[in-house]
Amino acid sequence: MSTVQLQRIVMSGMERGASSFSHISQQQASGKRIIKPSDDPLGTVKLMALQAEQANLKQFNTNIENARRHLSGAETYVTSISDQLGKLRDLTLEAGNGTLTSAGRKAIAQEMEAVKESLLASSNAKGSNGKYLFSGSEVETAPIAGPDPVTGNYTYVGDNSERKITIASGVKVVSNIDVEETFFDGGKDFFKDLDGYIEKLNTDSQVPADRKVMLAAIDSSADINLQLLTTIGTRLSEIIQTKDTNADISLYGKKLQLSLEQLDYGTASFELAQAELALKTTQMVYVKASKLSLFNVM
């Protein structure tokens with residue numbers, strides 16, 4: 001073997017040694033075992049899958065928080081609607097007191113009018129994001145319009161479409177609510193009926209049959225509203241459970257990710273010392289080979 005060939009072999013060895021030394025130094029500086037995909041192709045693929053899973057979980061948690069906030073706001077107002085319907089029922093029963101004077105019935109009518117306005121305000125409430133809570137998917141539109149100046153009718157102008165949000169892999173939750181069934185089930189118009197009853201109290205023309213019809217309308221709306229409250233509670237419970245499950249999956253994934261990419265400093269320190277020794281040895285050989293080449297020239 002010629003001296004030139006020997007020098008080339010030694011130079012190649014020095015380059016490999018320097019590259020190995022540099023690579024291990026980078027590993028120690030970053031604390032990561034995998035600096036480039038070629039360090040561990042299979043491990044790199046696993047890491048990429050785990051990172052994608054973490055990104056998905058982050059989006060799921062964002063969706064969960066949005067749905068939770070919307071449903072929690074809806075739950076608050078549905079609870080208020082329940083209280084307001086209960087108040088209307090109490091006032092309707094009180095209006096049947098035979099000892100009431102005309103002024104007393106008008107006072108009850110005035111109070112019922114105030115509760116009706118509160119009920120409409122709750123039904124047309126917006127969430128923390130400025131969107132209407134009870135319009136179905138028509139979140140930019142107040143759900144209940146009216147009364148019509150000619151007919152006195154109230155109208156539900158939202159829709160019944162379900163907006164499903166993905167909160168985990170293969171898991172979706174309906175995040176929107178509507179109040180059409182609560183106040184307009186079967187073609188009824190709860191608020192128009194209430195206006196009519198209030199008018200009868202104001203004109204002193206109420207009869208027992210009117211009170212019975214009004215109580216039935218209130219009870220029907222209250223029952224449907226209670227079902228709505230149960231539905232919201234079930235969805236919130238599912239969201240909370242899914243959030244906890246996602247957190248467990250995320251923690252497990254992070255541990256796997258750490259085990260794949262975390263550097264074993266003890267092993268790395270040993271390999272660095274070996275690489276440094278090999279590099280120095282190669283450098284010494286190169287110096288001797290260079291001296292040998294110079295001697296041949298002379």
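The values are calculated or read from the model by the stated rules, or taken from the named source; none is laboratory data. This structure is a prediction, so every number in the text was calculated from the model and none was measured. Quick reminder, even Gly has a Cβ in these numbers, built from the backbone with ideal geometry, and neighbours come from all protein chains shown. Just the protein is used for accessible areas: all its heavy atoms, side chains included, with ligands, DNA and RNA removed. Shrake-Rupley method; radii C 1.70, N 1.55, O 1.52, S 1.80 Å.
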(message) I need the full set of residues from segment 128-180 which are without any contact (Cβ under 8 Å) to a residue 60 or more places away in the chain and among the small types (G, A, S), in order please.
(response) S128, G130, S135, G136, S137, A142, A145, G146, G152, G158, S161, G170
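Do you know which residues across segment 186-205 are in a helix (DSSP H, G or I) and open to solvent by less than 70 Å² (accessible area, probe 1.4 Å)? Give the derivation first.
Narrowing segment 186-205 to residues in a helix (DSSP H, G or I): 186-187, 190-202.
F190, F191, L194, D195, G196, Y197, I198, L201, N202, listed by residue number.
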(request) Filter segment 118-151 for residues that are open to solvent by less than 20 Å² (accessible area, probe 1.4 Å) and in contact with a strand residue (DSSP E or B) (Cβ under 9 Å, 6 or more places away or on another chain) and give the result. (result) S123, A125, L133, F134, S135, G136, P143, I144
(message) For the structure I just gave you, tell me whether S118 is more than 17 Å from K192 (Cα to Cα) and at pLDDT 95 or above.
(response) no
(request) Among the residues of segment 152-178, count how many are out of contact with any strand residue (DSSP E or B) (no Cβ under 6 Å at 6 or more places or on another chain), over 20 Å from L228 (Cβ atoms) and open to solvent by less than 70 Å² (accessible area, probe 1.4 Å). (result) 4
(message) Condition first: outside any loop (DSSP other than H, G, I, E, B), among the aliphatic types (A, V, I, L, M) and under 25 Å from T62 (Cα atoms). Can you find one or more residues in segment 207-222 that meet it?
(response) no
(request) Determine which member of the set T76, T101 is under 30 Å from V173 (Cβ atoms) and surrounded by fewer than 16 Cβ atoms within 10 Å (Cβ to Cβ). (result) T76
(message) For segment 206-252, give me the residue count where each residue is in contact with a helix residue (DSSP H, G or I) (Cβ under 9 Å, 6 or more places away or on another chain) and open to solvent by 60 Å² or more (accessible area, probe 1.4 Å).
(response) 7
(message) Name the single residue that is modelled with the lowest pLDDT among those in segment 20-61 being β-branched (V, I, T) and open to solvent by 50 Å² or more (accessible area, probe 1.4 Å).
(response) I35
(message) Among (1) among the charged types (D, E, K, R); (2) in contact (Cβ under 8 Å) with a residue 24 or more places away in the chain; (3) closer than 25 Å to V115 by Cβ, there is one condition K46 misses while meeting the rest; what is its number?
(response) (3)
(request) Filter segment 191-236 down to residues that are closer than 30 Å to V173 by Cβ and touching a Gly at 6+ places or on another chain (Cβ under 6 Å), then give me how many there are. (result) 0
(message) So D264 ticks every box in (1) at pLDDT 95 or above; (2) farther than 30 Å from K87 by Cβ but one. Which box is left unticked?
(response) (1)
